[in-house]
C-alpha cells in the first residue's frame, strides 16, 4: 500500500521569501510523485510530476521539487513566493498508469504581504 | 479542451433525498476517478473505472453510494438516501494511461 505524509498542515510565509513544503511517501513499488495546487473553490491543478529521469523537476508558477529515493521525500520549493501562491498544496503518489492517486492531507500555504 | 466537467457545482438537499452527481471526463481518457474531500479526512478515493468498468469500489462508504459509467463520456455518483455526514466536495478526475489525473471543479454537496 502507498501513503503520503505532508508534515506541515499550515505554512505562513512573507511575500518574496522562499518556501519549502515537505512531503514523504511510503511505497513498496516504484512510484510516480506529484504536487497539485487547489485555489479556493476550485479543483486540483497539476503543479509538477516526477515519473523518471532527473530527480529535480520544474513545474508551473516557478515551483520545483526534488525526488529523494533514499529519504523517500519529494519536497516542493519556490525561491520567492507571491500573494497569488496562497492556496492548498497536495502531494500525491501513484504506482503506475491508470491506478488512482493517493493524496496527503494537504498543506495550506499563506503568503503574507 | 473543456477539461473534466462536473454538474451541478453546488447541491443543497434535505436528508433522505436522492442526490445524483454527474461527470463528463476529458474526451479520449480511459480512466475515471471519484474522490471526496472533507476537512477531517482530506481527499479520499471512492471508486475508479478503467474503460468504463469499475475496478475498485472499496472506498465507497456505504451501500447508499453507487456509481455508474454507462459510456466513455459520462459517469454518475448517486447517494440514496443522503445524510448530513455526506456533506463534502466531490471531485471527478480522468486520465489516459498515465499516472497523472485531471480534475473537475467539484460539486459541493450540503445535506441539511
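The values are calculated or read from the model by the stated rules, or taken from the named source; none is laboratory data. This one's a predicted model, so the numbers in the text were calculated from it and none came from an experiment. Note that we place each Cβ from the backbone using ideal geometry, even for glycine, and neighbour counts take in every protein chain shown.
Yes or no: residue B:54 modelled with pLDDT of 95 or more, surrounded by fewer than 14 Cβ atoms within 10 Å (Cβ to Cβ) and over 23 Å from residue A:89 (Cα atoms)? Answer is no for this residue. How many residues, within region B:47-57, are within 11 Å of chain A (Cβ to nearest Cβ) and without any contact (Cβ under 8 Å) to a residue 12 or more places away in the chain? Selection size over region B:47-57: 2. Within region B:73-101, being out of contact with any strand residue (DSSP E or B) (no Cβ under 6 Å at 6 or more places or on another chain) and within 14 Å of another protein chain (Cβ to nearest Cβ) holds for B:96, B:97, B:98. Meeting the requirement of 2 or more residues that are touching a helix residue (DSSP H, G or I) at 6+ places or on another chain (Cβ under 7 Å) and within 18 Å of residue A:42 (Cα to Cα), no strands (runs of 3 or more DSSP E) wholly within chain B can be named.
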